[in-house]
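Taking it in order: structure first as structure tokens, then the write-up.
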4 protein chains.
Amino acid sequence: MIVAGASGLAGALAADLVWHHPKLELARASSRSDAGTRICDLHPRHRVPMELTELDVDAATDCDAAIVAYPHGAAAPVVAGLRELGLIVVDLSADFRLRDPNVYADWYGELAAPELLGEAVYGLPELYRDKIRSAELVANPGCYPTATILTLAPLAAAGLIADVVVDAKSGVSGAGRGGGDRLSFVSLTENAMPYGTAGHRHEPEIAQELAALSGSSAPPLTFVPHLLPIDQGELVSCYVRPAREVDAEEVRALYAERYAGEEWVEVLDERPPSMREVRESNLCRIHVDVDRGGRILAFGSIDNLWKGAAGQAIQNLNLMLGIDENLGLG
Amino acid sequence: MIVAGASGLAGALAADLVWHHPKLELARASSRSDAGTRICDLHPRHRVPMELTELDVDAATDCDAAIVAYPHGAAAPVVAGLRELGLIVVDLSADFRLRDPNVYADWYGELAAPELLGEAVYGLPELYRDKIRSAELVANPGCYPTATILTLAPLAAAGLIADVVVDAKSGVSGAGRGGGDRLSFVSLTENAMPYGTAGHRHEPEIAQELAALSGSSAPPLTFVPHLLPIDQGELVSCYVRPAREVDAEEVRALYAERYAGEEWVEVLDERPPSMREVRESNLCRIHVDVDRGGRILAFGSIDNLWKGAAGQAIQNLNLMLGIDENLGLG
Amino acid sequence: MIVAGASGLAGALAADLVWHHPKLELARASSRSDAGTRICDLHPRHRVPMELTELDVDAATDCDAAIVAYPHGAAAPVVAGLRELGLIVVDLSADFRLRDPNVYADWYGELAAPELLGEAVYGLPELYRDKIRSAELVANPGCYPTATILTLAPLAAAGLIADVVVDAKSGVSGAGRGGGDRLSFVSLTENAMPYGTAGHRHEPEIAQELAALSGSSAPPLTFVPHLLPIDQGELVSCYVRPAREVDAEEVRALYAERYAGEEWVEVLDERPPSMREVRESNLCRIHVDVDRGGRILAFGSIDNLWKGAAGQAIQNLNLMLGIDENLGLG
Amino acid sequence: MIVAGASGLAGALAADLVWHHPKLELARASSRSDAGTRICDLHPRHRVPMELTELDVDAATDCDAAIVAYPHGAAAPVVAGLRELGLIVVDLSADFRLRDPNVYADWYGELAAPELLGEAVYGLPELYRDKIRSAELVANPGCYPTATILTLAPLAAAGLIADVVVDAKSGVSGAGRGGGDRLSFVSLTENAMPYGTAGHRHEPEIAQELAALSGSSAPPLTFVPHLLPIDQGELVSCYVRPAREVDAEEVRALYAERYAGEEWVEVLDERPPSMREVRESNLCRIHVDVDRGGRILAFGSIDNLWKGAAGQAIQNLNLMLGIDENLGLG
């Protein structure tokens, strides 16, 4: 295994999970900015005493698989190089998540390796488990899309969403390392704010999957993320105007049925999930209700670095390798 | 001046603001639980060296005015007693906020002094300034209603709200002192969660004022509060389906017009407000936009203990006393 | 296995660690205050779906071992009852930590079961591993003593401590659940303070072990704890006036030698440890240096709920049961 | 008034305090990095709608006074330029704090304007009030020195310090804006750590003043700063081995006497101060005790941006201008 881009928060966690995984071996972890530093020195909370190296794609022939944790745009060429050598790849960037390259272009610019779009599978196991099993390139979903799609999937699949507002709240690690003044402790402690209100790049990803689930075009969607003074964690509060009148019992039955047997999705009947209770786990916890006015309230909580990034990457990799989907995520 | 209930967070701040007010004199501050303790010892951040006493309503004849910061239910009899002696009163509880006693009964139980409802004025100066000037009993609004009503008033008055979702986020001080395990540092740090999803008592208050503004019945309203790991601060994110198509320019003009000349309401054109930037101030900052799907996004931020409680109480008191509305709020 | 007192923070973590332990079976978890509630509902971050029960000591004959997480004073009778039935016990309270019952009486009051003092072993494996292996009652050390004694042991054993100041910093979970106003989020966020400056109960425990290590009476010790706005974590900053002149190289050699081969003690040569890097682990990380004035600076960091309580309890239990000392702590 | 360097945390607060000061007028505020931005846009918590400009020293002739908030090294030439034009200056950097240029050189490098050392007064009003009144250049003390010197001054002046350990704890704003990864929210939340253990630049400043107070060379001093997950605030815990046996009563009398009549120093007899209780104020709160072993414990708490920087600068400026020392600090 190679983890490329292991100095970032998601990449470092991916390297940690591979390092401690019972059936995977971490051959190399690379970094563009921190080669020469050990992971455990850069991120003392990860006890991985491996030194980060410069990535040499051509030398990757000794490996079978890679996790790529590069920013969008930078990821595609690396993924293409690794795929050429035959490695199976889980890509944490946005580069292969959007099936329509025009939509990608609208939000991110020109895609570097469009020829790979055809083989890329959207890596949400609860939706695409079988396809992931036979995939050689998996586009790992964004953190907000993971939480939102899991929280809305049963409603979307039942054609129940007339329109939906997603008020999303994220911990700061969702924004990555560094970030200067905007992400400094002084700027964020005792603070909270909306951001990206003019349009956030995770919106088309959510729309794509809600459309796929409902078998038609996506329902009207308003998505507004907020930054909270929390390290890891994400909570989506979804407000759905239903396509027809429903009650809590009916919608809860939909969730119970869809997520029966899912290891990492837990439906709570009694109360909404908090952020903290899924921290450092691959869980998504969901609660759904119908308010007095008939609106559906659906809340979902994940750890953005686990189920929203590195944990889900391991889950996908396990599936691609034909081993137990939950290995190394205990 | 008497501040009754000055051991709680809002009451203590009210006592502090009166203590440092250039034209008010704090004669006594009372507490049911902490009589005998100085305010500055109970709340070291408030430098008010006055000892809390047991409230003796009958001895209040030496005062002209009182702020009552008791829980709902307990407030009404005290307010009634003080009014009988002729004091003007700002009541921070919910007891006189709802003009329809049946609505009060649905959410809080039987009202103790319904005979005072007729004279109580809802204490949001930006809506009821003239009435407050001549009032002898002001019902200080709840923190969520203050932020929500100010954030939605221009739209409600223009009849533009077809339906509205309010996703509210509050710091912990909104829940008051103590609170045991649920409000402990260990339970809340690095955590966030929805609560009161089955219905929150601030909802009918919001509905009452939106109806009054629009001159008809209140638009369908979903109100969901969330608890954040923050001390003081409140942010409401309001998602409005407009009654007719509007653009950002039109709605911003509505806000500019309504809030021109208001000292404590600032409309930001460029960005949504953060929680922190209004902390320890009586300000409400608002930003409004229209998203690609035509939905109106309106964000409002206040300090829940200032504009959401004690600061607004001083503002009301200044108006009732005929002095400069902004005195002591600098 | 029984975990008695599993509703508190340390007890709940102990129950969680036993529940997921490969060789232990959690038969029952008890609580005096929360019987009838499942652990995962009381503490959603612990995924243990077992219902808490009232403790029935007499029915404990089906078990071999118990962890008791009761407050001091309340623990001794329960421990005595379980020992009578033949269970081996790790006691998290202070009741059997102090070998001299007079010292116990000075700090805590009369000890309920002094007859057990003779068989109790102080449960710091890095000091008493062999004795713990054959013990049937282990007194699990306090969190501050664990961090402090590990951080000072090599110096004490070498007779190098002429006098020592321990400035200790703890997260809030060290103070247990609840705690009312004093431990509320509002009281503690953005705050820090010394406490117990007139004498803290962990002081005699530290003195006892420093004396045992140095083979004479304890060196003069000043111990001052501070509360920080952090959930889990503990850092001790120890300032040692050495008995004779030393340099950094010499003292580092002492630490390297003593802790060689220890799984849970890591000596850092380059930098002091932070609190966060050992969180949710059984590690103690230590750094030692000598300043320009010749004073020895020794810093140690642990997770107060792991190495400072429940993690160390499992480590002790593993030793007592003759299984791999590190099982279930990975 | 000019505030030079008003984009940093201390400079921005200084600009805010001048802006709202009843007798000062903020003519210009400059920034090397953010000219063209309004202070209230860069730091929304400061409601100062003035645009930052490039500093033009030569054009400063229209002003009488300046506060310079530049990094050390960069400050001296600016201060020299302003002094040449005749402005009185409060300099927040370290450039003129150390009376011995060789000591400065050891810790900071070559001093740019050594000719000004002779006229610079160390700006701790509680020590040098009379000199500050007639000074034209005041070197505003560092935050740690302010807290430490105030907390130790009565002991130093009485010759009571045989040796002293200062365990200092600071909020993050003490480290200034930005700071990249090291000062990011993700790195610091739920974390705490010692830093600068090999020697911190505030140490010689503390030593210089303790020596001056005791009239001899400075007592042996160990100074170790720690970073806490707090925005503003500083707490020093000082452990003094006394030169002779003392008791709590005697040392408290020393503090009471020295600080009688001081507006901004409060001595607490009953309990140590917390960080939060002096936040957003110019106060230093101190508590002193003697432990069972005879060591003196002295704790001091300030807001590092107020009494530790900008607040003290205003206090100094008021003195230099011959107006009420406490104006604008209310």
Contact list, first residue from the stretch B:80-104 and aliphatic (A, V, I, L, M), second anywhere and crowded, with 22+ Cβ neighbours inside 10 Å and assigned to a loop (DSSP other than H, G, I, E, B), beta-carbon distance below 7 Å, six or more apart or interchain, is B:90/B:123; B:90/B:140; B:92/B:69; B:92/B:140; B:94/B:142
Being in contact with a Pro (Cβ under 9 Å, 6 or more places away or on another chain), in a loop (DSSP other than H, G, I, E, B) and over 15 Å from residue B:307 (Cβ atoms) is the filter here, so list the residues in the stretch B:240-267 that pass it.
B:243
Single unsatisfied condition, residue D:275 versus (1) within 14 Å of another protein chain (Cβ to nearest Cβ); (2) modelled with pLDDT of 95 or more; (3) over 15 Å from residue D:151 (Cα atoms):
(3)
When residues of the stretch C:181-198 are limited to those that are of a type outside the set (Phe, Trp, Tyr) and without any contact (Cβ under 8 Å) to a residue 24 or more places away in the chain, the one nearest to residue C:107 (Cα to Cα):
C:198
Scan C:130, C:91, C:95 and give me the residue that is in the same structural domain as residue C:7 (by TED's automatic domain parsing) and in contact with a His (Cβ under 7 Å, 6 or more places away or on another chain).
C:95
Checking residue B:309 against (1) closer than 23 Å to residue A:169 by Cβ; (2) in a helix (DSSP H, G or I), which test does it fail?
(1)
Identify, please: which residue in the stretch C:167-185 is aliphatic (A, V, I, L, M) and in contact with a Leu (Cβ under 7 Å, 6 or more places away or on another chain) and is, among those, modelled with the lowest pLDDT?
C:175
Might you let me know whether the stretch B:241-257 holds any residue that is within 14 Å of chain D (Cβ to nearest Cβ) and in contact (Cβ under 8 Å) with a residue 40 or more places away in the chain?
no
Specify which of the listed residues (D:38, D:45, D:28) is modelled with pLDDT under 95 and either within 14 Å of another protein chain (Cβ to nearest Cβ) or in contact with a strand residue (DSSP E or B) (Cβ under 6 Å, 6 or more places away or on another chain) (or both).
D:45
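Restricting the search to the stretch B:24-47, which residues are farther than 20 Å from residue B:317 by Cα and part of a loop (DSSP other than H, G, I, E, B)?
Answer for the stretch B:24-47, where residues must be farther than 20 Å from residue B:317 by Cα and part of a loop (DSSP other than H, G, I, E, B): B:31, B:32, B:33, B:34, B:35, B:36, B:37, B:43, B:44, B:45, B:46, B:47.
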Hits in the stretch B:130-152 - residues which are surrounded by 21 or more Cβ atoms within 10 Å (Cβ to Cβ), touching a residue at least 60 places away in the same chain (Cβ under 8 Å) and not polar (S, T, N, Q)
B:132, B:135, B:138, B:141, B:142, B:143, B:144, B:145, B:147, B:149, B:150, B:152
Considering (1) part of a loop (DSSP other than H, G, I, E, B); (2) touching a strand residue (DSSP E or B) at 6+ places or on another chain (Cβ under 8 Å); (3) not β-branched (Val, Ile, Thr), say which one residue C:66 fails and leave the rest.
(1)
Tell me, yes or no, whether the stretch C:201-212 has at least one residue that is without any contact (Cβ under 8 Å) to a residue 60 or more places away in the chain, at negative phi and in a loop (DSSP other than H, G, I, E, B).
no
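Among the residues of the stretch A:48-62, what is the count of those that are surrounded by 12 or more Cβ atoms within 10 Å (Cβ to Cβ) and more than 11 Å from residue A:15 (Cβ to Cβ)? Quick ask: steps written out before the conclusion?
In the first step, residues of the stretch A:48-62 are kept if they are surrounded by 12 or more Cβ atoms within 10 Å (Cβ to Cβ); the result is A:48, A:50-53, A:55, A:57, A:59-60.
In the following step, the residues that additionally are more than 11 Å from residue A:15 (Cβ to Cβ) were identified as A:51, A:53, A:55, A:57, A:59-60.
Residues that pass the stated criteria total 6.
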In the stretch C:217-244, which residues are of a type in the set (Phe, Trp, Tyr) and more than 17 Å from the chain's Cα centre (by Cα)?
C:239
Can you find even one residue in the stretch C:276-284 that is assigned to a loop (DSSP other than H, G, I, E, B) and either acidic (Asp, Glu) or not assigned by TED's automatic domain parsing to the domain that holds residue C:168 (or both)?
yes
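Please count how many residues of the stretch B:70-129 are charged (D, E, K, R), surrounded by fewer than 14 Cβ atoms within 10 Å (Cβ to Cβ) and not in a loop (DSSP other than H, G, I, E, B).
Residues in the stretch B:70-129 being charged (D, E, K, R), surrounded by fewer than 14 Cβ atoms within 10 Å (Cβ to Cβ) and not in a loop (DSSP other than H, G, I, E, B): 4 in total.
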Of the listed residues (B:152, B:116, B:124, B:137), the one being within 18 Å of the chain's Cα centre (by Cα), more than 30 Å from residue B:272 (Cβ to Cβ) and hydrophobic (A, V, I, L, M, F, W, C) is B:137
Restricting the stretch D:263-322 to residues that are in contact (Cβ under 8 Å) with a residue 24 or more places away in the chain and acidic (Asp, Glu), the residue that is surrounded by the most Cβ atoms within 10 Å (Cβ to Cβ)
D:303
Taking the stretch B:180-216 on its own, how many of its residues are under 15 Å from the mean Cα position of the chain (by Cα), of a type in the set (A, V, I, L, M) and at the interface with chain A (Cβ under 10 Å from one of its Cβ atoms)?
0
Identify the residue in the stretch A:217-226 that is touching a residue at least 24 places away in the same chain (Cβ under 8 Å) and not in a strand (DSSP E or B) and, among all such residues, is surrounded by the fewest Cβ atoms within 10 Å (Cβ to Cβ).
A:220
Selection over the stretch D:156-179 where residues are out of contact with any Asp or Glu (no Cβ under 7 Å at 6 or more places or on another chain) and away from chain C (no Cβ under 14 Å) yields a count of 8
Can you name the residue in the stretch A:23-67 that is within 25 Å of the chain's Cα centre (by Cα) and among the acidic types (Asp, Glu) and, of all such residues, is farthest from residue A:86 (Cα to Cα)?
A:34
Limited to the stretch A:308-330, what total is found for residues that are within 12 Å of residue A:123 (Cβ to Cβ) and out of contact with any helix residue (DSSP H, G or I) (no Cβ under 6 Å at 6 or more places or on another chain)?
5
Go through D:157, D:192 for me and flag whichever is crowded, with 24+ Cβ neighbours inside 10 Å, assigned by TED's automatic domain parsing to the domain that holds residue D:253 and at pLDDT 95 or above.
D:192
Output the number of residues of the stretch C:52-71 satisfying the condition of being without any contact (Cβ under 8 Å) to a residue 60 or more places away in the chain and farther than 22 Å from residue B:186 by Cα.
10
Only unsatisfied item for residue B:6, checking (1) surrounded by fewer than 24 Cβ atoms within 10 Å (Cβ to Cβ); (2) under 24 Å from residue D:274 (Cβ atoms); (3) touching a helix residue (DSSP H, G or I) at 6+ places or on another chain (Cβ under 6 Å); (4) in contact (Cβ under 8 Å) with a residue 12 or more places away in the chain, is (1)
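The values are calculated or read from the model by the stated rules, or taken from the named source; none is laboratory data. Predicted model only: the values in this text are computed from it and were never measured. Neighbour counts run over all protein chains shown; Cβ positions are idealised from the backbone, glycine included.
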